[in-house]
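Asks: Can you keep this structure in mind? I'll have questions shortly.
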Amino acid sequence: MIGKKILDEKTITMAEAKELLEKLIKEKKIQEVSYVTKQTLDYLKKFIRISAEDAKKMLEELLKLDKINERIAIKIVDLMPRTPEEVRAIYAKEIYILTKEDVEKILNIVYKYLR
């Protein structure tokens, strides 16, 4: 990585990462598509369940809820939990204790964006 410098750093959803990689490859901003880049894009294509646009909308809705920060909201968007147990697993190491209502609010937002 000689001559490369990080200009900015931002946490994004996997859907946004997929869209960004596809755009960079299409616009030929990545001259040589490396093996790692190809593998990453293949992985994202297999496991992404939401468009980048919907991911952004869902992220905004989740951030309006109590007991949720950007890192957790991004995990929820990426994993799209379908059960209360899956939501609680995402929160396993957090200091927050989710009520049944908190979990229901999160799942209602997720269900809205599931295909």
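Asks: Distance between Cα centroids, region 85-113 to region 5-74: provide it in whole Å.
Replies: Centre-to-centre distance over Cα atoms comes out at 22 Å.
Asks: So what's the net charge close to L98: Lys and Arg +1, Asp and Glu -1, counting the other residues with Cβ under 15 Å from its Cβ? Before the final figure, lay out each step's value.
Replies: On the way: positive: K67, K75, R88, K93, K100, K105; negative: D66, E85, E86, E94, E101, D102, E104.
Cβ neighbours under 15 Å give a net charge of -1.
Asks: In deg cm²/dmol, rounded to 500, what helix-only [θ] at 222 nm does the chain give when every DSSP H run of at least 4 residues adds -39500 (n - 2.57) and the total is split over its residues? Present the calculation step by step, with values, prior to reporting the outcome.
Replies: Values: 6 runs with 69 residues, N = 115.
Helices in the chain give a 222 nm mean residue ellipticity of -18500 deg cm²/dmol.
Asks: Moving to a separate point now. Taking the solvent-accessible surface of protein heavy atoms with a 1.4 Å probe, what is the per residue accessible area of the chain in Å²? Let's see the in-between values first.
Replies: On the way: 8690 Å² over 115 residues.
Averaged over the residues of the chain, the accessible area is 76 Å².
Asks: Here is a follow-up. Give me the Kirkwood hydrodynamic radius of region 1-98 in Å, from all C-alpha pairs, to one decimal place?
Replies: Values: mean 1/r = 0.0653 Å⁻¹.
Value: 15.3 Å, from the Cα pair sum.
The values are calculated or read from the model by the stated rules, or taken from the named source; none is laboratory data. The structure presented is a predicted model; accordingly, all values stated were derived computationally and were not measured. Glycine gets a Cβ as well: all are built from the backbone with ideal geometry, and neighbour counts include every protein chain shown. Calculation scope for accessible area: heavy atoms of the full protein, side chains included, ligands and nucleic acids excluded. Shrake-Rupley method; radii C 1.70, N 1.55, O 1.52, S 1.80 Å.
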